[in-house]
Structure formats: C-alpha cells, structure tokens
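Everything below concerns the one structure shown next.
The values are calculated or read from the model by the stated rules, or taken from the named source; none is laboratory data. These figures come from a predicted structure and were not determined experimentally. Positions of Cβ are generated from backbone atoms using ideal geometry, with glycine treated the same way; all protein chains shown enter the neighbour counts. Areas reflect the complete protein model, heavy atoms only, side chains present, ligands, DNA and RNA absent. Shrake-Rupley method; radii C 1.70, N 1.55, O 1.52, S 1.80 Å.
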Amino acid sequence: MRTQVAIIGSGPAGLMLGQLLTLAGIDNVILERKSADYVLGRIRAGVLEQGSVELLQRAGVAGRLHREGLVHHGTDLSFDGDRLRIDFTGLVGRHVTVYGQTEVTRDLMAARTATSVYEAEDVELHDFDGQPWVTWKKDGVTHRLDCDYIAGCDGYHGVSRASIPSDALTTFERVYPFGWLGVLVDKPPVAEELIYAHHERGFALCSQRSPTRSRYYVQVPADEKVESWSDDRFWDELRRRLDPATAEAMQTGASIEKSIAPLRSFVAEPLRFGKLFLSGDAAHIVPPTGAKGLNLAMSDVAMLADALIEFYAERSSAGLDNYSAKALSRIWKAERFSWWMTSLLHTFPENGPFGRRIQRAEFDYLSGSVAAQQSLAENYTGLPA
Ligand code: RFL
Ligand code: PHB
C-alpha cells in the first residue's frame, strides 16, 4: 500500500490533520492502535478556543458544534471562597466554546472518507530519515505502507516520539505531585460558567458538557487510587472546596465516569526528525488547568497541514522546514500559561505558608488589575498562531 502522508493515531490531532489533507486532495491513511469505540469512550477535554472552532469550521465539521456547543463569555475563579469573574468578552473581545473532545472526535470520524485502520498492533516506523514506510499487524498479518511523510499524532505514550533516537531530541519536563480526580454526572451544571477554585484542601473545578451533563474535578495526591473514592466521598470533598452558596446549589448524583489524570508539563524539541513530524500530545503535555491540550493539538496540525499543502502544491519545503520552530513558539506560551494557572490554583504543601501568601497575593492582584485579568483572558481564549 502507498499513501502521501501516514498518520499515526486517531485522536483529535490525527483526525483533524487527515481531514485538512483530504480536503486539499492529499492522500493519507490513519493507523490507530485502539478500536474506534475505545477512542470515542475516552472522556477528556471540554473547552475549545475560538481558533479551534474556526479550524473545525474550515474542516467542514462544525455543524453540530454550532448547534450544541455552549459559548462562554467568561469564567469564575474562587480563592478560599472569594469569587472573581473574568469577563473574556469584555476584556479581550473573545470567548471559548464548551464542547467535549469526545464530540469533536465523533464529528471528525463521521466526516472521514479516507482510510483508517483501527486496532493496528505493533506499529513501527522505518527509514523516516530517508524514504519512509510504516508496518503494523492486524489479525496476525503484517502490513506495509510506503509514504512521503509520517505524522506522529499518537499521544504521549505513542510510538512516534519513542522511535526518534534519544540524542536527537531534547525534552523538558515537570511532573506535579498531584493529579485530578474527575467525575462525569448527568445533572445540570452548578453555574452557567466554569468555576476554578483554590482551597487549602486543594484545587477543584466545576465544568460541564451540556445543560444536563456536568464534569467536576478535585486535586488528589499523585498516588491516589480511584477505587478509594466513592461518589459520596467525591461530592463531600468537592463541596468543602467551593464557596458555601455554590456547594449548596450543586446537584449531585451517580457518576457515569470517574478517573484520575496525572498532571505533567512536557515538551520535546524539535518536532521534526527527517520525514517524521510530531504533533499534539506526542510532542507536548500541559496540565489541564489552562484547558490548552486539545487546543494545542489543533493549532499544531493546522500548521503542519498548511506546510504539507504548500509542499504538494508548490514543491516548496519552506513551511515544513519552519514547522517545528513556529509550532514550538506557540506551544511554549501555552506551557507557560498552563503552568501559571496550575501554580495559582493548586496546593503545593512543599511551598509552605510563604507560597500560600504569594498565591493569595496573586489572586488579589488579579482581582484589582484589569491588565492582569486581560492577560489571563488573552491566554485562556487562545493566543494567535
Ligand atoms: P490523543 O488524544 O492521546 O490521541 C492519540 C491517539 O494515538 C493512539 N496511539 C497509537 N496509535 C497507533 N500506534 C501506537 N503505538 C499508538 N499509541 C497511541 C491513541 O490510542 C490515541 O487514539 O492525542 P492528541 O490527538 O494529540 O490530542 C490531545 C488531547 O487528547 C489532549 O491534549 C487533551 O485531552 C488534554 N485535555 C484538555 N485539553 C484542552 O484543550 N481543554 C481541556 O479542557 C482539556 N481537559 C485534557 C483535559 C486531558 C485530560 N486527561 C485525561 C489527560 C482534561 C483531562 C482530564
Ligand atoms: C473539562 O471540562 O474537562 C475541563 C475544563 C476546563 C479545564 C480542564 C478540563 O481547564
């Protein structure tokens, strides 16, 4: 088999890249380790920047997003019960849209007309420094795909980054000593907008997926086991971290999903090795506090798609040569913002009373400074490419 671009991974990065290439007449094949149902069952991000919405529009898959997505003009912060609304629209004239990653993935999968191979085992990348090809096993049979380029869109644990000689990559990492325990519940959200809450017991987040479905998170130690958290324990802990009126108003119920995500900041540089390009979580991870992971995956593949389109249309490799530097410039700004939001809102026992006073001062500064609020709003709603 032969294609122009072999895409490893059918998450939002791989699917969006495939869609943009297909629309430009560039042949591509997606190889995905898991089944389509498994990919659709993963509960992850919920907040889309305007740039991501525009990209979904360009990809021709924004119909349901426009009908069902919830436009949010601001978000709330809560610090030891004191509330502050950040008015995105008033401050920077931009907004975000709440629409689950699961739905983005579903819409992209439904639109896909090119080949996808699901349950492709033992994917291996060959000769990506020269004339690349990819192999995989399916039902005990080994298959081969020859290609011009490989796009590694296979997430943090994928094979693409791992295939690059380690001396050709520089990695930067911060692992936080806590994770987020998340619960999905079929109850209306407690507030119209999201609430990011700092409390001495730890961070909490009130998010949502629709007018009838809510997503809540609490900070837990990194080694915590999800089995230790009954629904009752989760709701009790969440209430304690919110201001009394919100705790009182929250509607609770049986969880329909419950999981713990570790928090990490990670970047691998550069994003290109020969004919192999890395995009999305394969290249970088942000802690979810800034809601940037999915949005970064979208902006990476928008840049990579444009560079590949330029290559095939004009036989110019200028865009491909520039992809890594251009994408990394945006990635590092999102890394900084996600690290900053995480530092402001979580408890870091090792930082002691001095660290808590600094966090309080940061919140008070935000409360009193339009400039500080504008900076938050500008970053949260998405920096330009
Ligand atoms: P994905 O989604 O991990 O997809 C990679 C795909 O590659 C497949 N794969 C392989 N395929 C073939 N061969 C192999 N060897 C393979 N190894 C892996 C995998 O099965 C998978 O299908 O990466 P992608 O496409 O780069 O997308 C990134 C996003 O998923 C991620 O950044 C976000 O979910 C992060 N994130 C959030 N991002 C936001 O922008 N806004 C949010 O509100 C937000 N909230 C979150 C989040 C992530 C969370 N978790 C669980 C980490 C909340 C949470 C709790
Ligand atoms: C979510 O709804 O899952 C969500 C929202 C905002 C974040 C992280 C996760 O910052």
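The sole residue among Ala313, Ala254, Ala318, Ala327 that is modelled with pLDDT of 95 or more and open to solvent by less than 20 Å² (accessible area, probe 1.4 Å) is Ala327.
The combined condition, being in contact with a strand residue (DSSP E or B) (Cβ under 9 Å, 6 or more places away or on another chain), closer than 29 Å to Leu194 by Cα and open to solvent by less than 10 Å² (accessible area, probe 1.4 Å), is not fulfilled by Val47. Of all residues in region 336-355, those satisfying the criterion of being open to solvent by less than 10 Å² (accessible area, probe 1.4 Å) and closer than 18 Å to Val175 by Cβ are Ser338, Met341, Thr342, Leu345, His346.
One residue is enough: does region 206-223 have a residue meeting the conditions away from ligand 2 (no atom under 15 Å from the Cβ), part of a loop (DSSP other than H, G, I, E, B) and not charged (D, E, K, R)? Scanning region 206-223 turns up at least one residue that is away from ligand 2 (no atom under 15 Å from the Cβ), part of a loop (DSSP other than H, G, I, E, B) and not charged (D, E, K, R).
If you filter region 269-291 down to residues that are in a loop (DSSP other than H, G, I, E, B) and open to solvent by less than 10 Å² (accessible area, probe 1.4 Å), you find that the one that is nearest to ligand 1 (Cβ to nearest atom) is Ser279.
Can you confirm whether region 80-89 contains a residue that is free of Cβ contacts under 8 Å to residues at least 60 places away in the same chain and within 21 Å of Gly368 (Cα to Cα)? Within region 80-89, one or more residues are free of Cβ contacts under 8 Å to residues at least 60 places away in the same chain and within 21 Å of Gly368 (Cα to Cα). Taking the condition at pLDDT below 95, in contact with a helix residue (DSSP H, G or I) (Cβ under 7 Å, 6 or more places away or on another chain) and either open to solvent by less than 70 Å² (accessible area, probe 1.4 Å) or under 16 Å from Thr115 (Cβ atoms) (or both), does Ile30 pass? So Ile30 does not fit the description; no. Screening Pro12 with (1) under 19 Å from Thr115 (Cβ atoms); (2) open to solvent by 30 Å² or more (accessible area, probe 1.4 Å); (3) within 16 Å of ligand 2 (Cβ to nearest atom) gives one miss only, at (2).
The rows are residues; the columns are (1) within 16 Å of ligand 2 (Cβ to nearest atom); (2) over 18 Å from the mean Cα position of the chain (by Cα); (3) open to solvent by 40 Å² or more (accessible area, probe 1.4 Å).
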position: Ser35; (1), (2), (3): no, yes, no
position: Leu55; (1), (2), (3): no, no, no
position: Gly74; (1), (2), (3): yes, yes, no
position: Ser78; (1), (2), (3): yes, yes, no
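Report yes if Thr347 is of a type in the set (S, T, N, Q), more than 30 Å from Leu304 (Cα to Cα) and in contact (Cβ under 8 Å) with a residue 24 or more places away in the chain, otherwise no. Yes, satisfied.
Inspection of region 159-169 finds a residue satisfying the criterion of being more than 18 Å from the chain's Cα centre (by Cα), hydroxyl-bearing (Ser, Thr, Tyr) and over 28 Å from Thr105 (Cα atoms).
Whenever a residue of region 223-238 is surrounded by 15 or more Cβ atoms within 10 Å (Cβ to Cβ), its partners that are assigned to a helix (DSSP H, G or I), lying with C-beta atoms within less than 9 angstrom and at least six residues away or across chains, give the pairs Trp229/Glu237; Leu238/Ala247. Per the conditions (1) within 14 Å of the chain's Cα centre (by Cα); (2) open to solvent by 10 Å² or more (accessible area, probe 1.4 Å), the sole criterion not satisfied by Thr22 is (1). Between Cys153, Cys206, Cys147, the distinction of being over 26 Å from Val39 (Cβ atoms) and not aromatic (Phe, Trp, Tyr) belongs to Cys206 only.
Would it be correct to say that Thr347 is at pLDDT 95 or above, in contact with a Gly (Cβ under 9 Å, 6 or more places away or on another chain), more than 20 Å from Asn28 (Cα to Cα) and away from ligand 2 (no atom under 16 Å from the Cβ)? Answer is yes for this residue. Residues being within 12 Å of ligand 1 (Cβ to nearest atom), modelled with pLDDT of 95 or more and closer than 21 Å to Phe277 by Cβ are entirely absent from region 180-203. For Pro384, the test of being at pLDDT below 95, over 27 Å from Ala197 (Cα atoms) and surrounded by fewer than 13 Cβ atoms within 10 Å (Cβ to Cβ) is passed.
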